[in-house]
1. All but one of (1) over 23 Å from residue 73 (Cα atoms); (2) within 16 Å of the ligand (Cβ to nearest atom); (3) not assigned by TED's automatic domain parsing to the domain that holds residue 58 hold for residue 156, so report the exception by its number.
2. Here is a check on your reading of the model: is residue 94 within 19 Å of the chain's Cα centre (by Cα), in the same structural domain as residue 80 (by TED's automatic domain parsing) and either in a helix (DSSP H, G or I) or at pLDDT below 95 (or both)?
3. Look through 19, 57 and report the one residue that is away from the ligand (no atom under 16 Å from the Cβ), modelled with pLDDT of 85 or more, more than 24 Å from residue 124 (Cβ to Cβ) and not assigned by TED's automatic domain parsing to the domain that holds residue 155.
4. Quick check: anything in region 126-133 part of a helix (DSSP H, G or I) and within 13 Å of the ligand (Cβ to nearest atom)?
5. So how many residues does region 71-100 have that are within 16 Å of the ligand (Cβ to nearest atom), without any contact (Cβ under 8 Å) to a residue 40 or more places away in the chain and farther than 24 Å from residue 150 by Cα?
6. Please indicate, with yes or no, whether at least one residue in region 110-122 is without any contact (Cβ under 8 Å) to a residue 12 or more places away in the chain and over 24 Å from residue 63 (Cβ atoms).
7. Check 118, 104, 68 and return the single one that is within 13 Å of the ligand (Cβ to nearest atom) and among the hydroxyl-bearing types (Ser, Thr, Tyr).
Amino acid sequence: MGTKPMEHVLSGFEIKYCSLEEILDSVLIPHFCNPFDSEGKDPSPHYLEGFWFPDESMKRVYIFVKTSSNANRQIFTKIHELFHFCQSLDIAFVKLLEKIITESTLPSDLVRRLIERSANKATAMYLIPEEHLRKKYKETRDARDLAKFYGVSQKTLEIRLEECGIMNSPHNPLDTL
Ligand SMILES: [Zn+2]
């Protein structure tokens, strides 16, 4: 996606947020953001947290979010789905993905997991910017407090601390600051 902030990538597009529950039984869900499909089983749409699709003009994108999930989960899902839309706008990314799907012998499930992982990673980077996290960590070294501050799960926060080299593992802080 390059280094442009997501807001710049999305400027000019109309984004509509909708309730996932309202349409669960009425449409064929076209996207695959689902944690329960790792064994290749056809997942129940009732486990979905969200999905996205553009209208025909590609000027409006619908982001469906499971509104019965907690508020923080919904925020994470919205950003995650928006990153998928950004991925779809990145021609180089799409071409590379098509090449992997058509030419590689990688299992399709693995390719899907990589896409999901990249969207999750981008979402965590967006919600917990590294420099900001470094400053906040100096104020409070409590992962639970920081998770609450950023509105993410403690696990997501701990992974981010590790990725940024602030802690080398959740239970063994490396005070590199
Ligand atoms: Zn996804």
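1. (1)
2. Values: within 19 Å of the chain's Cα centre (by Cα): yes; in the same structural domain as residue 80 (by TED's automatic domain parsing): yes; either in a helix (DSSP H, G or I) or at pLDDT below 95 (or both): yes.
So residue 94 fits the description; yes.
3. Working: 57 fails: modelled with pLDDT of 85 or more.
Of 19, 57, the one residue that is away from the ligand (no atom under 16 Å from the Cβ), modelled with pLDDT of 85 or more, more than 24 Å from residue 124 (Cβ to Cβ) and not assigned by TED's automatic domain parsing to the domain that holds residue 155 is 19.
4. The first filter runs over region 126-133 and keeps only residues part of a helix (DSSP H, G or I), leaving 126-127, 130-133.
Of the ones still in play, those that are also within 13 Å of the ligand (Cβ to nearest atom) are none.
Within region 126-133, none of the residues are part of a helix (DSSP H, G or I) and within 13 Å of the ligand (Cβ to nearest atom).
5. Selection size over region 71-100: 3.
6. Within region 110-122, one or more residues are without any contact (Cβ under 8 Å) to a residue 12 or more places away in the chain and over 24 Å from residue 63 (Cβ atoms).
7. On the way: 104 fails: within 13 Å of the ligand (Cβ to nearest atom); 68 fails: within 13 Å of the ligand (Cβ to nearest atom).
After applying the criteria, what remains is 118.
The values are calculated or read from the model by the stated rules, or taken from the named source; none is laboratory data. These numbers come from a predicted model, not from an experiment. Note: ideal-geometry Cβ built from the backbone for every residue, glycine included; neighbour counts use all protein chains shown.
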